[in-house]
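The values are calculated or read from the model by the stated rules, or taken from the named source; none is laboratory data. Quick caveat, the model's predicted, so the values are computed rather than measured. Note: ideal-geometry Cβ built from the backbone for every residue, glycine included; neighbour counts use all protein chains shown.
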Amino acid sequence: MDLLLKNAVIVTVNPQREIFYHGAMAVNRGRIAAVGPEDVVLKAYPTADTVMDLDGKVIFPGFINTHNHLFQTLLKGLGDDMVLSDWLSTMTFPAAQYLEPEDTYYAAMLGCMEGISSGMTTQLDYMYPHPREGLDDGILRAFKELKIRGIFGRGCMNTGEQFGVCPAIMQDMKAIEADLVRLFDTYHNTENGRIQIWAAPAALWSNDEENLRMLWDVVNSYGSGLTVHVSETPFDRASTAKLHGAEGTDCLEKLGILGPNVLMVHCVHLNHGDILRAARYDLKVSHNPVSNMYLSSGIAPIPEMLAAGVTVGLGVDGAASNNGQDMIELMKTTALLQKVGTLDPTSITAEKVLEMATIDGARAIGLEGEIGSLEAGKKADFVIFNPYRNPKAVPMHNPVSTLVYSSTMENIESVAVDGEFVLLDGAFTMIDDEQGILRDAQRTAEDLCVRGGITNRLEGHTWRNPAP
């Protein structure tokens, strides 16, 4: 064995939802060899190259983020307290059209570092603006350096100016197709399979029918997936209907973009028919509650989706509509928002939220056979949670409840992907100069604001008070 973890509480999220309160886990060549009661595992695997006594700490499956826009990590705090139209026109679009490859690299490094610090082992990025070449490669470079499991969604927009899309970040279909094929041929299933390529049209209302059908054909030719924002706001539904003559999942059905390799994002305003259609075609959903709250988009009908059998994973969304990349915060917000939205404290549980962050997230991206739970044969993506790193998590009576309701990023002590620690005892193992990366990210963000003419920062930010 390469690694033996013992004297741990192990929350497996396996089909039986077993928790081993005196457990051990053996890892060899990046995969879990055994997990179970400590005496059973140690009898089978008494030694390993590295043995870690966890002294009652908790092992969870690695957390899976099913939606992000990593370039937005440089825009934290610039879109506060704005309606979506102002958020787009005064900050997101002006910044996006001036992006350079160095910007996307540092944005991805910063976003992935924060994600890893909160237990994120898998990240799906959704890169939709392409004002110039090379932006995608900066993000993929960060994935490789940090050794996170990364799905890169090659986004695009080829229409939508009538709905407010900035022409500077649009592309024609031939350019989109050529670059998507290049990314598949260069990066797909590289780094021991950790990196995958998907298509990620920015929205149904910012891509015409021909472009959407092309993307669907390409991803299916590579056996990959497609993710797209669907029914995020009433504007989203109305614009989609105006462009395509159908809205929500009706539009996907009309275009023939259907099946288990379709991941719909947000879905705040799906109606009952949409939900039944999603269940019928096994369309997956990425739920982004912090972003939906930040932009006042509404509360997605998650209990109805779950009751219909729709797979729902969790997404932090871009930091410009979240101001963070924190999976711990995301889990608590998911639980509390549904309770207040339904006026029913039983509408969702801590255990279900953990499932959404792990095995359901894995199912949403088609990787439930490899990650999302701690089972023999699966890839060794896991989190070591130490309740004693922060008093908020003490006492720990129920490890799942403690994680979802009573913890912070400080409690994430170590994180492993493919059995290799990317965070160990709170320190990044793949970075020589963490402070240097953070300072470079700050400098890059400031430079981008200057290029984009964004003045809502420092002395340019005015004090806002809604009171009369």
For the range 140-148, indicate whether the set of residues that are surrounded by fewer than 23 Cβ atoms within 10 Å (Cβ to Cβ) and β-branched (Val, Ile, Thr) is non-empty. no
Looking at the range 418-468 only, could you name the residues that are surrounded by fewer than 18 Cβ atoms within 10 Å (Cβ to Cβ) and among the hydroxyl-bearing types (Ser, Thr, Tyr)? THR429, THR455, THR462
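Any residue that is crowded, with 20+ Cβ neighbours inside 10 Å, part of a helix (DSSP H, G or I) and in contact with a Cys (Cβ under 8 Å, 6 or more places away or on another chain) - is there at least one of those in the range 172-179?
Yes, the range 172-179 contains at least one residue that is crowded, with 20+ Cβ neighbours inside 10 Å, part of a helix (DSSP H, G or I) and in contact with a Cys (Cβ under 8 Å, 6 or more places away or on another chain).
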Enumerate the pairs (first residue in the range 163-179 and at pLDDT below 95; second residue anywhere and outside any loop (DSSP other than H, G, I, E, B)) with beta-carbon separation below 6 Å, excluding pairs fewer than 6 apart on the same chain, so at least 6 apart or on different chains. PHE163/TRP205; PHE163/SER239; VAL165/SER206; CYS166/PHE93; PRO167/GLU161; ILE169/ALA96
If THR190 satisfies all but one of (1) modelled with pLDDT under 95; (2) surrounded by fewer than 15 Cβ atoms within 10 Å (Cβ to Cβ); (3) hydroxyl-bearing (Ser, Thr, Tyr), what's the number of the condition it fails? (1)
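For every residue, the table says whether it meets (1) crowded, with 20+ Cβ neighbours inside 10 Å; (2) not in a loop (DSSP other than H, G, I, E, B).
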| position | (1), (2) |
| --- | --- |
| PRO303 | no, yes |
| GLN325 | yes, no |
| MET356 | yes, yes |
| ASP360 | yes, yes |
| ARG363 | yes, yes |
Just for the range 338-354: of the residues that are surrounded by fewer than 20 Cβ atoms within 10 Å (Cβ to Cβ) and closer than 19 Å to SER297 by Cα, which one is farthest from the chain's Cα centre (by Cα)? LEU343
Under 25 Å from ASP236 (Cβ atoms), in contact with a Lys or Arg (Cβ under 7 Å, 6 or more places away or on another chain) and assigned by TED's automatic domain parsing to the domain that holds ARG149: which single residue out of ALA168, ALA200 fits that description? ALA200
Which one of these does GLU329 not meet: (1) surrounded by fewer than 20 Cβ atoms within 10 Å (Cβ to Cβ); (2) under 16 Å from the mean Cα position of the chain (by Cα); (3) outside any helix (DSSP H, G or I)? (3)
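For residues that are surrounded by fewer than 24 Cβ atoms within 10 Å (Cβ to Cβ) and in contact with a helix residue (DSSP H, G or I) (Cβ under 8 Å, 6 or more places away or on another chain), scanning just the range 278-289, find the one that is nearest to GLU355 (Cα to Cα).
Looking at residues that are surrounded by fewer than 24 Cβ atoms within 10 Å (Cβ to Cβ) and in contact with a helix residue (DSSP H, G or I) (Cβ under 8 Å, 6 or more places away or on another chain), I get ALA279.
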Near pairs, Cβ below 6 angstrom, 6+ apart or cross-chain, from the range 31-49 (not assigned by TED's automatic domain parsing to the domain that holds VAL11) to any residue that is surrounded by fewer than 17 Cβ atoms within 10 Å (Cβ to Cβ): none
Within the range 114-127, track down each residue that is surrounded by 24 or more Cβ atoms within 10 Å (Cβ to Cβ) and over 15 Å from ILE64 (Cβ atoms). MET127
Condition met for ILE116 (farther than 22 Å from VAL262 by Cα, in the same structural domain as GLN171 (by TED's automatic domain parsing), touching a strand residue (DSSP E or B) at 6+ places or on another chain (Cβ under 7 Å) and touching a residue at least 40 places away in the same chain (Cβ under 8 Å)): yes
Could you tell me which residue of the range 12-62 is modelled with the lowest pLDDT, considering only residues that are among the charged types (D, E, K, R) and over 29 Å from the mean Cα position of the chain (by Cα)? ASP55
If the requirement is being at pLDDT below 95 and either closer than 27 Å to ASN288 by Cα or small (Gly, Ala, Ser) (or both), which of these qualifies: PRO466, PRO399? PRO466
The range 209-246, residues that are at pLDDT 95 or above, not in a helix (DSSP H, G or I) and not aromatic (Phe, Trp, Tyr): GLY223, SER224, GLY225, LEU226, THR227, VAL228, HIS229, VAL230, SER231, GLU232, GLY245, ALA246
Restricting attention to the range 283-300, report how many residues are touching a residue at least 40 places away in the same chain (Cβ under 8 Å), at negative phi and in a loop (DSSP other than H, G, I, E, B). 4
